[in-house]
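Note sheet for the following structure.
A short reminder: the numbers here are calculations on the coordinates, not readings from a lab. None of the values given here were measured: they were computed from a predicted structure. Cβ sites come from the backbone with ideal geometry, for glycine too, and all protein chains shown count toward neighbours.
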Ligand SMILES: [Fe+2]
Ligand SMILES: [Fe+2]
């Protein structure tokens with residue numbers, strides 16, 4: 001799998017989680033979705049920072065910093081709290097902006113590495129996902145594409 005395919009797949013997954021959390025009023029479902037969002041975004045940010053970004057992309061690091069602050073806030077409030085929805089909305093918008101920017105600005109740069117190196121980087125990132133989650137990263141090319 002290429003690095004960009006792996007990340008795009010994770011972007012799609014987290015966007016779908018945000019759509020689901022906005023749609024449900026059920027407190028337990030919101031707590032579950034929050035947990036999934038926290039886990040996914042934490043690992044996603046980690047593999048991007050440790051492997052994908054190199055040290056060129058300070059703006060992306062700053063956006064990750066804000067995402068982490070919001071994840072921390074969200075961990076500490078009840079899903080029934082009024083601010084839950086507001087924070088989730090801000091986080092969702094930030095993540096969407098950030099993911100779009102990565103795909104638009106950083107992926108074309110990554111493509112310059114060439115397929116073989118992208119493949120190798122993708123393998124390293126997949127191994128890191130597996131180490132962090134205990135689950136294999138899904139191979140690219142399966143499931144939804146855009
Ligand atoms: Fe990111
Ligand atoms: Fe990303």
- By how many degrees, between 0 and 90 and to the nearest 10, does the Cα long axis of helix 27-47 differ from the longest principal axis of the chain? 30
- For 74, 113, what ranking results if the residue with the fewest other Cβ atoms within 10 Å of its Cβ goes first? 113, 74
- Message: Apply the a/c threshold of 1.5 to the C-alpha gyration tensor of the chain and tell me whether it is rounded, prolate or oblate.
- Response: prolate
- Task: Can you grab the distance from the C-alpha centre of the stretch 1-21 to the C-alpha centre of the stretch 113-136, Å, no decimals?
- Result: 15
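How high is the FRET efficiency from residue 135 to residue 28, r the C-beta distance, R0 22 Å, rounded to 0.05? Mind showing how you got there, number by number?
On the way: r = 23 Å, r/R0 = 1.04.
About 0.45, to the nearest 0.05.
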- Item | Within the stretch 1-21, backbone nitrogen closer than 17 Å to the virtual label 7 Å beyond the Cα of residue 113 toward Cβ | 1-11
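Would you mind ranking 57, 90 so that the residue whose beta carbon has the fewest other beta carbons within 10 Å leads the list?
Details: 57 19, 90 14.
Listing 57, 90 from fewest to most nearby Cβ atoms yields 90, 57.
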- Those residues of the stretch 26-67 whose amide nitrogen sits under 14 Å from the label point placed on residue 97, 7 Å along Cα→Cβ: 59-67
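Using the count of nearby Cβ atoms within 10 Å as a rough guide to exposure, how do 21, 129 rank from fewest to most? Mind showing how you got there, number by number?
Details: 21 24, 129 20.
Exposure proxy ranking, most exposed first: 129, 21.
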- Query: Under a point spin-label approximation (7 Å from Cα along Cα-to-Cβ), what is the residue 69-residue 39 distance to one decimal in nm?
  - Reply: 2.8
